[in-house]
Amino acid sequence: SRELKIIKEAGAGGVEINPIAMPEEVEDPGNGLVWLSNEWCEALAHAVEEARKLGLVTDLIVGTGWPFGGEFIQPEETLQGLTFESINFKGPGKKSVEIRMPEDEHEKIMKIILVPEILSDLNDPLDLTDNMSQKGILAFDINEGVYTLMIIRWRNKFRTVMLGSPGGSGAVLDHFNQQAVRKYLNNMSEKLLPYFENNLGNGFRSLFCDSIELEGANWTDDMIVSFKNRRGYDVEPFLPFIHLKPENTSAQLRDTLRRIRYDFSLTLAEFLMERFIKIYHAWCKENNVLSRYQAYGHPWLYTDMIDGFMVSDIPEGDQWLYNKGWSLAEIDEIRYGIWNKYASSGGNLAGRKIISSEAMTNLRGVFRASLEYIKQATDLNFVAGINHLVLHGYNYFPEETEFPGWIRFGTYFNERNTWWKFFPLWAEYTSRLSAVFQHSKAVSNVAILGPTADVWSDSGLDRNPFNMTPWYLHSIWQALNHNGICSDYVNSSIINRSTMINGKMTFGEMSYSTLLICQVKTIDPITLKKILECRDNGLNVVMIGETPTLSPGYKDHRERD
């Protein structure tokens, strides 16, 4: 109650309640308050009611820590993944190696194969799976040359929630399992509803989903069957080779694996969209609250971010202080460009009026950040199309706690900060501009299409190649902005569903006079045809660095190229 009053007097408009594990060096005064327990829900309801009395809106994060998970998750509902180990051998000769055996039912060896240094035919590898003894000793002969022994393992229940509170710190949920996702979300709403007169809208503006950080997740129960239904062929024979480096394959096979890698990435992206993002959004609607969602993550980007950001009611990017980020999309060590610009682009295309940012997240300069620096970071958010800041964060603590209180993440927004008495001036400035932008119509002249299909084909869903391909992709919008031209990222789906009106490519409320195609060599023929039609009807089309020559995916690609 005391802290909410301080936050209100400082000029903030609301709070995000984010249950998370206590810092290791702090003794938990709540004595292990268990997430979603009656005691926890009563504390939550009290905070929400106190915020309501003060005129503050309240958002609540789904789960605790990240990603979604908990002690109550069943083994068959947990994250699944394939791992690919490799051991190099030089022949000729007899070889013997001890293979680590699975420790329990949560891991299996799917296949062991011997691959020549340069793979030119998928029939060349030798399957040694049945050669291994029960004790894990594998003996085999090899001819002259260099070979790689590949061990493909399946596993589940291999990750736990990061910094989860008691009750929510167990195994991570399989986000590709629609039934498990629904069960997890329903468990949360069923526990909360009695405390809010069976209507979560009585307590919360939105329920929030943090960034999707599913390291190691690339599998689910129906992957084989679903892949074949979606892509038209069996992926199982290709699985051991999807992660081979290009230099280890012949040119012809390289193209084949590149296309299969795209299909595998596309299938995972579809799984996340259909089985997680849309399910989460629908669940929020059922409970009379808005959905607030971050469509990025680490270390993989599990969906096309434009598609991901267009689903939620409040798309959200992020910003880190004293963190240089990638390429040129940072100023004075303020990382702000990539996720924020995709969030605003998706929000503009979907007609969202509120586009938020996880603002001022800070691990390296918690006490360095001045209000001047924070004001600069604020303006960079606005420039990127953000119109709502969720500050990270208020450093909560009982009144008797010694300085500096409990710091988990974020800048030191706290009444003990020497500049706190001036914070209301920043809050007034920021809220005024936010209100103006939220009640204004976004206008962008230029649409930017990046080489997502090429990145998925060459590198899969790894976010680092996406962020760096081409090197200028996430800086070009700033160069345009400096010359008075606003722009948005688009994807093939947006282009395919657009219409030409008065010489502009139009989607929803957004109209673009120019389309920049940045280093794209792989594009769906339907999209390319649509681009050419738009060009013939007045759209300025500029191709930078490449002319598209390949279609994505494996099935029938020769007919499509």
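The values are calculated or read from the model by the stated rules, or taken from the named source; none is laboratory data. Since we're looking at a predicted model, the values are computed, not measured. Cβ coordinates were reconstructed from backbone atoms using ideal geometry, including for glycine residues, and neighbour counts include every protein chain displayed. Surface areas here come from the heavy atoms of the whole protein model, side chains and all, with no ligands, DNA or RNA. Shrake-Rupley method; radii C 1.70, N 1.55, O 1.52, S 1.80 Å.
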The correct count of residues that are over 27 Å from the mean Cα position of the chain (by Cα) and open to solvent by 20 Å² or more (accessible area, probe 1.4 Å) in region 376-411 is 9
Cβ pairs under 8 Å, 6+ apart, first in region 334-350 and without any contact (Cβ under 8 Å) to a residue 24 or more places away in the chain and under 9 Å from GLY385 (Cα atoms), second open to solvent by 10 Å² or more (accessible area, probe 1.4 Å) and among the hydrophobic types (A, V, I, L, M, F, W, C):
none
Within region 224-266, the count of residues that are touching a helix residue (DSSP H, G or I) at 6+ places or on another chain (Cβ under 7 Å) and outside any helix (DSSP H, G or I) comes to 5
If I filter region 345-356 down to residues being in contact with a strand residue (DSSP E or B) (Cβ under 7 Å, 6 or more places away or on another chain) and of a type outside the set (A, V, I, L, M), which single residue comes out as most open to solvent (accessible area, probe 1.4 Å)?
ARG352
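Which ones in region 537-555 are open to solvent by 80 Å² or more (accessible area, probe 1.4 Å) and assigned to a loop (DSSP other than H, G, I, E, B)?
Matches in region 537-555: ASN537, THR547, THR549, LYS555.
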Cβ-Cβ below 9 Å, separation at least six or inter-chain, first residue in region 357-371 and in contact (Cβ under 8 Å) with a residue 12 or more places away in the chain and open to solvent by less than 30 Å² (accessible area, probe 1.4 Å), second of a type in the set (D, E, K, R) and assigned to a loop (DSSP other than H, G, I, E, B): which pairs?
GLU358/ASP210; ASN362/ARG368; GLY365/GLU333
Considering region 295-304 alone, what residues qualify as being closer than 16 Å to ASN340 by Cα, out of contact with any Gly (no Cβ under 7 Å at 6 or more places or on another chain) and not hydroxyl-bearing (Ser, Thr, Tyr)?
GLY297, HIS298, LEU301, ASP304
Within region 121-129, is there a residue that is of a type in the set (A, V, I, L, M), open to solvent by 40 Å² or more (accessible area, probe 1.4 Å) and in contact with a strand residue (DSSP E or B) (Cβ under 7 Å, 6 or more places away or on another chain)?
yes
Checked region 104-145 for anything of a type in the set (A, V, I, L, M) and not in a strand (DSSP E or B); matches are ILE118, LEU122, LEU128, MET132
Restricting to region 513-536, count the residues that are over 12 Å from LEU449 (Cα atoms) and in a loop (DSSP other than H, G, I, E, B).
2
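Would you point out which residue out of LEU60, LEU79, LEU4 is in contact with a helix residue (DSSP H, G or I) (Cβ under 7 Å, 6 or more places away or on another chain) and at pLDDT 95 or above?
One residue alone meets the criteria, LEU4.
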Go through region 470-496 and give me each residue that's open to solvent by less than 50 Å² (accessible area, probe 1.4 Å) and either part of a loop (DSSP other than H, G, I, E, B) or of a type in the set (D, E, K, R) (or both).
PRO470, TYR472, LEU473, HIS474, SER475, ASP488, ASN491
If you check every pair at least six apart or on different chains, which have Cβ atoms under 8 Å apart with a residue in region 146-159 that is assigned to a loop (DSSP other than H, G, I, E, B) first and a residue that is charged (D, E, K, R) second?
PHE158/GLU107; ARG159/GLU215
Yes or no: region 171-191 includes at least one residue that is surrounded by fewer than 22 Cβ atoms within 10 Å (Cβ to Cβ), over 25 Å from the mean Cα position of the chain (by Cα) and under 26 Å from ALA51 (Cα atoms).
yes
Check whether at least one residue in region 92-103 is free of Cβ contacts under 8 Å to residues at least 24 places away in the same chain, outside any strand (DSSP E or B) and closer than 30 Å to THR160 by Cα, and report yes or no.
yes
Has region 268-283 got at least one residue that is at positive phi, outside any strand (DSSP E or B) and open to solvent by 10 Å² or more (accessible area, probe 1.4 Å)?
no
